[in-house]
Amino acid sequence: MTVEAPAPTRSLGERTFRILRLTWVPLVASLTSLVLSISSIVISTRDPAVTILLPDQIRFVQGERIGFAYAYLQPTFVSRGENDRVEVIGDMHLELTPVGGGETVTFGWDEVGRLTFDPADQSLTYEYLADAVPLLIAPDSAENPLSLFQGPPGWFLEAGTYRVELVAGRVVASSSLESEFEITLSDADIDFLNGSDGGQFLTLPVTAER
């Protein structure tokens, strides 16, 4: 008759380690799921990430006949796609400050239009499209309105360098979007603007501040 040897008896330490090992796996899975859920909530409720892309030029018009200066600028608003939230640009304005010192002047966003090219005389003509209205910036779309910014009555550009800041007020996020650049006008530029008396654009390059 063959007598089987008794099965080895597990020690208390071995049994405890086995139980802990079996319970550790679902615990880690639960913690991982919790971290991922929290991360997802944080990302989905984060402020929409929107960036301003400046164009390479800005256009000015002024004259005694119209009584003030105004600017045409076409910024682009792009969502960086960090979440699915939609941002709303409620308003915009330009702040012009003489680099050599002087009072800051605000140009308010007044309307949106488009430029049409006339091949006969190689000229651009501005066409009104709509009043200034809020812009919706979604992850799958961008906005780049050709915007008219009107200066205060009786104020005109003079020769010199100006720091220009574009400020866009947001509805969803509490902070504004801001982007700065510089422009320089010569005496000849001012003579051109005043001589055209609102009849022609002066196009200036946009130099982004570093």
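Taken over region 188-210, the criterion of being part of a strand (DSSP E or B) and within 11 Å of Q62 (Cβ to Cβ) is satisfied by L202 alone.
Taking the listed residues L129, L136, the one that is in the same structural domain as V86 (by TED's automatic domain parsing), touching a residue at least 12 places away in the same chain (Cβ under 8 Å), exposed (fewer than 15 other Cβ atoms within 10 Å of the Cβ) and under 17 Å from L177 (Cα atoms) is L136, with no other qualifying.
Per the listing S196, S174, the residue uniquely more than 30 Å from E64 (Cβ to Cβ), more than 13 Å from the chain's Cα centre (by Cα), surrounded by fewer than 16 Cβ atoms within 10 Å (Cβ to Cβ) and modelled with pLDDT under 95 is S174.
Remark: pairs (first residue in region 91-112, in the same structural domain as L54 (by TED's automatic domain parsing); second residue part of a loop (DSSP other than H, G, I, E, B) and surrounded by fewer than 15 Cβ atoms within 10 Å (Cβ to Cβ); Cβ separation under 6 Å; 6+ apart in sequence or on different chains) = E95/T104; T97/T104.
The values are calculated or read from the model by the stated rules, or taken from the named source; none is laboratory data. Every value quoted in this text rests on a predicted model; they were computed, and no experiment measured them. Don't worry about glycine lacking a Cβ; one is built from the backbone with ideal geometry, like all the others, and counts go over all protein chains shown.
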